[in-house]
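See below for the structure under consideration.
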Amino acid sequence: RWRAALARLGLWGEDLESARAAVEQALATTLADAAGRWLLCAGHLEARSEWVLTWIDPATGRPADLVIDRSFVDAQSGIRWLVDYKTSQPEPAEQVETFLVQQAQIHREQLLRYRQALREITAEPLRCALYFAPLGRLHPVPELDIGAKAVI
């Protein structure tokens, strides 16, 4: 299945096999990780994967299609999670913590767009995070978290 999906994206030959192996490894790493299994858990409320939203960008007034990798409300805490999956990895000599901080900064604007779109349709407290599948690592971005929206 992964091989066919990657082939539809235009990969073939050695690149196709390399990408297939990377997908397989990332999935195995995610399933071996407690946070990865928690993200994929079917017990969450309002769980959505690959959630497509059309949002009006307030800066331009133009519509934009967004695809949120994973969002759900944690049944225990009542907190909505906004998670963006990433396949990037640190360079061999790079410290993992440094890499995670840099990636949060690189993807900040993307998370802010997603957060703003979700805030328009949801009221729960919201936590933002990146999940690095090849590392099996959930990286919350607490500076982007917001409290419950006032409902009038």
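The values are calculated or read from the model by the stated rules, or taken from the named source; none is laboratory data. Remember, it's a predicted structure, so these values are computed and weren't measured experimentally. As a convention, Cβ positions derive from the backbone with ideal geometry for all residues, glycine included, and neighbour counts pool all protein chains shown. Side chains included, ligands, DNA and RNA excluded: accessible areas come from the protein's heavy atoms. Shrake-Rupley method; radii C 1.70, N 1.55, O 1.52, S 1.80 Å.
Summary of values
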read-out	value
Pairs, first β-branched (Val, Ile, Thr) in segment 115-133, second surrounded by fewer than 16 Cβ atoms within 10 Å (Cβ to Cβ) and not in a helix (DSSP H, G or I), C-beta under 9 Å, six or more apart	Thr122/Glu46; Thr122/Lys149
Matching strands (runs of 3 or more DSSP E) fully within segment 1-108 where at least 3 residues are open to solvent by 30 Å² or more (accessible area, probe 1.4 Å) and under 17 Å from Arg119 (Cα atoms)	45-56, 63-73
Criterion violated by Val96 - all others in (1) among the β-branched types (Val, Ile, Thr); (2) closer than 25 Å to Pro125 by Cβ; (3) out of contact with any helix residue (DSSP H, G or I) (no Cβ under 6 Å at 6 or more places or on another chain) satisfied	(2)
Candidate set: segment 57-84, residues that are at pLDDT below 95 and in contact with a helix residue (DSSP H, G or I) (Cβ under 9 Å, 6 or more places away or on another chain); chosen: the one farthest from Thr29 (Cα to Cα)	Pro58
Members of segment 119-141 found to be farther than 17 Å from Val101 by Cβ and in a strand (DSSP E or B), listed by number	Leu126, Arg127
Test: residue in segment 85-102 that is in contact with a Cys (Cβ under 8 Å, 6 or more places away or on another chain) and at pLDDT 95 or above	no
Members of segment 135-152 that are open to solvent by 30 Å² or more (accessible area, probe 1.4 Å) and over 13 Å from the mean Cα position of the chain (by Cα)	Leu135, Pro142, Glu143, Asp145, Ile146, Gly147, Ala148, Lys149, Ala150, Val151, Ile152
